[in-house]
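Reading through the structure tokens given below for one structure.
What follows draws every value from the coordinates through simple rules; no lab data is involved. Keep in mind that what you see is a predicted model, and the values were worked out from it rather than measured. Every residue, glycine as well, gets a Cβ built from its backbone with ideal geometry; the counts of neighbours run over all protein chains shown.
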Amino acid sequence: MTAQTHPVEFGRYQTSEQMFNRAKEFMPGGVNSPVRSFGSVGGTPVFMAGAEGAVLQDMDANQYVDYVGSWGPMILGHANPKVLESIKMIADLSTSFGAPTDRETALADHIIERHKAVDMVRLVNSGTEATMSAIRLARGYTGKKRIIKCDGCYHGHVDSLLVAAGSGAASCGIPGSAGVPEELANLTTVVPYNDLDAVEKVFGDYDDIAALIIEPVAGNMGCIPPVEGYLKGLEELCKANGTLLIFDEVMTGFRLSYGSAQELYDIDPDITCFGKIIGGGLPLAAYGGKKDIMQHIAPLGPVYQAGTLSGNPLAVSAGVATVEQLNRDLYATLEDKTKQLVEGLGSILTNAGIPHASNRVGSMFTIFFSEKAPQNFEDVQQTDLERFKKFFHAMLEEGVYLPPSAFEASFVSTAHTDELINFTLEAAQKAIQKIK
Ligand code: PMP
């Protein structure tokens, strides 16, 4: 497949529209995860038919260069031959045993080998499960109750963490969530991202803080890197206060570098959550950390956590086949490619006189329509969200699939060839005529 689109014409998304109307009758909002509904950009979500490499094809046979990558997992592009082969090979044996397999140990080994802060892992099925379990483990280990999280960071739809939770909720205009008991929400203290003083103050106010959970590079309010010294400062504060530092690397893990964000910023978190890439596009996630902490999990310890499909053979195989392809050279290439793309987009916007700022770490990036690069969620909310909507739709019409929300990060994969990056830049050149 190469990216090309039908000329803009009436009925271009006709099949998607029909499918969306039918889906809305059977599923809330017609989708199984809110951001997919295009709620914050308007219009009809595009229903997908297939994908290969970095190109998606929808049900109306429009093709798009994909910068969503299934929200992060597809670092090798879609339908990666080795990943497909590994899934097919295992599927012939069984789709689920509910008993241990050696592949699970192989995946655990890959995770541990790359992360010096991780001695043991537990595999689960989603990022939400990983963060939920990490919080329970931190509470069980420390005997404390309170959690600190950052405004705009999303850690899955865990009750304690659905407070000021960025992307999905923000895209729907929901600050928290109905259904979360006040008693539980009160145990979560929210601080602005990139503000060490705010965290210090919370430690002054409370002495029962079990964990501070953070996206080391935020991705759920668009891509926002930590300011110099921020993560180190958090590490020191947590250590000094007997609080566990949880790195939520569900998005950044295996994405930003060989050893994830913790290697890039040289931090030693107590617990790390993984997801997305480690399942190669199948439902799989994990949490891991130091041995003495992880040994508190059942069956070794008193913190209970389990799963019928945990360590599912198909997902584990896809994960192993994915991470085995991710070597250090590949991260360097990915970074170069992403830099080329982001700088190219920046020049196009500069030449058109459109105020913008780009944040990028490795192969994760966001172009914000604002003069200044945002450093926290409040900054992001002040960017030009209307212009983002127009840009999103204009790019879609030109054959480029960006995340349908200004509060989400974009991802580049190894399947984004120079040709596809040039195609994207040409598309942007045309798209900006519609957003000036
Ligand atoms: N943590 C982070 C940083 C995430 O980006 C996400 C999902 N976008 C999650 C947790 C939740 O993962 P899942 O959707 O697999 O439950």
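Any idea how far apart residue 52 and residue 200 come out in nm if each label point goes 7 Å out from Cα toward Cβ?
With each label placed 7 Å out from Cα toward Cβ, I get 5.7 nm.
Which part of region 79-116 falls in the paramagnetic zone of residue 308, meaning amide N under 12 Å from the point 7 Å along Cα-to-beta-carbon?
Residues 98 qualify, since their backbone N sits under 12 Å from the label point.
What ranking do 406-419, 223-236, 256-269, 339-352 get when scored by the average of other Cβ atoms within 10 Å per residue, highest first? Before the final figure, lay out each step's value.
Details: 406-419: 22.7, 223-236: 19.0, 256-269: 20.7, 339-352: 16.2.
Ranked by mean Cβ neighbours within 10 Å, highest first: 406-419, 256-269, 223-236, 339-352.
For a test of the definition: using alpha carbon positions, the gyration tensor, and the 1.5 limit on a/c, classify region 54-200 as rounded, prolate or oblate.
Working: a/c = 2.16, a/b = 1.36, b/c = 1.58.
Judged from the Cα gyration tensor, region 54-200 comes out oblate (a/c at least 1.5, b/c at or above a/b).
How high is the FRET efficiency from residue 268 to residue 14, r the C-beta distance, R0 35 Å, rounded to 0.05? Let's see the in-between values first.
Values: r = 53 Å, r/R0 = 1.53.
Approximately 0.05, to the nearest 0.05.
Determine the distance separating the Cα centre of region 34-92 from the Cα centre of region 261-296; give it in Å without decimals.
Measuring centre to centre over Cα atoms gives 25 Å.
Please find the FRET efficiency linking residue 21 to residue 332, where r is the Cβ-Cβ separation and R0 is fixed at 45 Å, and quote it to the nearest 0.05. Spell out each step's value before the answer.
Working: r = 46 Å, r/R0 = 1.02.
Calculated transfer efficiency: 0.45.
So what J values fall out for region 35-50 if you push phi through Karplus, 6.51 cos²θ - 1.76 cosθ + 1.60 with θ = phi - 60°, rounded to Hz, Gly and Pro as x?
Once θ is set to phi - 60°, the couplings for region 35-50 become 5, 5, 6, 6, x, 8, 10, x, x, 9, x, 7, 8, 8, 10, x Hz.
Residues in region 340-364, backbone N under 20 Å from the label point at residue 227 (7 Å along the Cα-to-beta-carbon vector): list them, ranges by number please.
357-361
Out of residues 5 or more away from residue 148 or on other chains, whose amide H comes under 5 Å of its own, with H placed 1.01 Å from N in the peptide plane?
Amide H neighbours of residue 148, under 5 Å, 5+ apart: 189, 211, 212, 213.
Of all DSSP beta bridges located in the chain, what percent are antiparallel, nearest 5?
Numbers: 25 of 43 bridges.
Percentage antiparallel, nearest 5: 60.
Quick one: length gained pulling residue 92 to residue 386 fully straight, 0.36 nm per residue minus the C-alpha distance?
Details: separation 294, 0.36 × 294 = 105.84 nm, distance 4.93 nm.
Extra length available between residue 92 and residue 386 comes to 100.9 nm.
What's the extension gain from residue 85 to residue 236 if we count 0.36 nm per residue and subtract their Cα-Cα distance? List each step's numbers first, then the result.
Values: separation 151, 0.36 × 151 = 54.36 nm, distance 4.48 nm.
Taking 0.36 nm per residue and subtracting the Cα distance, the gain is 49.9 nm.
Mind checking region 63-136 for chymotrypsin sites (Phe, Trp or Tyr not before Pro) that DSSP puts in a loop (not H, G, I, E or B) and that have at most 16 other Cβ atoms within 10 Å? Present the calculation step by step, with values, prior to reporting the outcome.
Values: sites: 64, 67, 71, 97; in loops: 67, 97.
Those satisfying the criteria are 97.
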